[in-house]
Amino acid sequence: MQGYTQLAGRVIALLVAAGVLGVLFNRANPLGIPLQASLHVDSSSTPVATARPVNQSVNDYHNEATSETPASTNPVALTWSEVRDWQVEHGALLVDVRPASAYRAGAIPGAISLPYSDLVTDLSTFQQRHDVESWLIFYCSDLECGLSELVAQEFARDFGYRHIAYLLGGFTEWQRQQANPPLP
C-alpha cells in the first residue's frame, strides 16, 4: 500500500510540474492560447462575433475599414467571389496557412505559404515584407479546418493588422469554384 502512495505522489507531482511548464510555455509563445476569455457577454447582448456575419456585405466591411475610425479587429469571412473582389479592389494577398507540403502539392495561384506550424519562426520575415495596412486573406484546407480563422484573428488582435479576412471553405472551395465556375 505504501508503494502505491509513493507512486501516486510522484504522478501528482509530475502532473503539476507538466501543467506549470505548459502554462509558462503558452505564455511565452506569441501564438499561445489566451489564458483569459476575450469574449464579453452581458445579459442584454449576444456574444461578439469573431467574423463578419454572413448577412454583412463586403462593402459594409470596406466602408467600416476605410473610414476615419480604426478598422475592425475582427477578421472577415469571405466567399471565393468576395476574395476576388478584395484582390481587385485592394491588391489583397492570399496567405496559405496549411503545411508546406500541402502548399507544394497545390495552392491557389498567387498565394504565399505561411504554414501555421512555422508561424513563430517565419512571423518576423512576414512582418518585414507585409505591413499592418496590407490586405490579407488567409486560407487552409476546407470548411472543417479552423486554422485560417485562427491565424486571421491572431494577426488582427495580436499583431495589429487592420484588413484581415479568411476564405470560407479554403483550398477545397477554390477547387470547387474552378471546377464549377459561376455563370455570368
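Which members of the range 131-160 meet the condition of being touching a strand residue (DSSP E or B) at 6+ places or on another chain (Cβ under 6 Å) and among the aromatic types (Phe, Trp, Tyr)?
Result: 135, 138, 139, 155.
Which of the residues that make up the range 156-184 are aromatic (Phe, Trp, Tyr) and either outside the structural domain of residue 93 (by TED's automatic domain parsing) or in contact (Cβ under 8 Å) with a residue 40 or more places away in the chain (or both)?
166, 171, 174
The values are calculated or read from the model by the stated rules, or taken from the named source; none is laboratory data. A quick note: this is a predicted structure, and the numbers were derived from the prediction, not measured. Reconstructed Cβ throughout: ideal geometry from the backbone, glycine too, with neighbour counts over all protein chains shown.
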